[in-house]
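One structure below.
Bear in mind that the values in this text are calculations on the coordinates, not laboratory data. This one's a predicted model, so the numbers in the text were calculated from it and none came from an experiment. For neighbour counting, all protein chains shown are included, and Cβ atoms are generated from backbone atoms with ideal geometry for every residue, glycine included.
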Amino acid sequence: MNSRQAQLQAFDRLLTIMDELRARCPWDKKQTMQTLRHLTIEETYELGDAILEEDLEEVKQELGDVLLHIVFYAKIGSETNDFDIADVCNDICEKLINRHPHIYGDVEVQNEADVKRNWENIKLKEGKKSVLEGVPKGLPALVKANRIQDKVAGVGFDWEKPEQVWEKVQEELQEFQEEIASGDTEKMESEFGDVIFSLINYARFLDINPENALERTNKKFIGRFQYLEQKAREICKPLKDMTLAEMDVYWEEAKGVDSSGRQ
């Protein structure tokens, strides 16, 4: 691996290139924080995909894209004299030091749960009115639910055992079934939301990331369905003309085929 000096030189090279692009490239000169925002979100999702695929070469590439955006924002901030990359780095360093008193102070912790509780309590002492202030409004609902539950658990608002959470899941499922019977769509939607929220909570107790779990299932379904489409093309029979029984044969075959097409 590269030495610390080589790492710093590489980062300095990126800063120099960013300066040059901002001064000389017509596209880069036009960009603002607002125009970059949606691109940053896209790059972050691409990084997430690479991590799920466990493609480390792609992870490296996508990390570079995300890092470029960070440097870009800092460059724009420096042009208005609001902040630069040194301010960004120093701010996160101070935050990390302040929120890890068990490393940089005299606080003792026994486990990860203690660290998380300290983290949330320190944030409240910093002026936060709610532990939920740090949950971005624009997060997808599934990710947001997981972050909400994680944060409130950090200050002790949590179930004691997984079995209690599973009982809550069953309770919410029963209530959902009752609303289905009533035929009230609005109440059905509300109870369905409660079911999902409770399942996400149960996943947290089992150390399962619900976003990752669902995305893996999405990818699995896509792979199997595309296998079905491929087989339909091979026999020259459109899917719409196949019976469910015929499609199910290929679907079962697809379960034995991995993403690279090997049996």
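General observations
- Against the test of being under 30 Å from K219 (Cβ atoms) and part of a helix (DSSP H, G or I), the options V71, V59 yield a single qualifying residue, V59.
- Complete set of residues in the stretch 80-137 that are surrounded by 12 or more Cβ atoms within 10 Å (Cβ to Cβ) and not in a helix (DSSP H, G or I): F83, D84, R99, H100, V107, V109, K128, V135
- Any pair with Cβ under 8 angstrom, 6 or more apart, that starts in the stretch 143-160 at a residue that is touching a residue at least 24 places away in the same chain (Cβ under 8 Å) and ends at one that is assigned to a loop (DSSP other than H, G, I, E, B) and hydrophobic (A, V, I, L, M, F, W, C): K151/V135
- Residue within the stretch 35-50 that is free of Cβ contacts under 8 Å to residues at least 24 places away in the same chain, in contact with a helix residue (DSSP H, G or I) (Cβ under 8 Å, 6 or more places away or on another chain), not aliphatic (A, V, I, L, M) and not in a helix (DSSP H, G or I) present: no
- Test set (1) closer than 30 Å to L96 by Cβ; (2) without any contact (Cβ under 8 Å) to a residue 40 or more places away in the chain; (3) under 22 Å from the mean Cα position of the chain (by Cα) - D194 fails condition number: (1)
- Annotation: G156 fulfils all but one of (1) on the phi > 0 side of the Ramachandran plot; (2) outside any loop (DSSP other than H, G, I, E, B); the unmet one is (2).
- Scope the stretch 209-262; condition assigned to a loop (DSSP other than H, G, I, E, B) and polar (S, T, N, Q); matching residues: N209, T243, S259, S260
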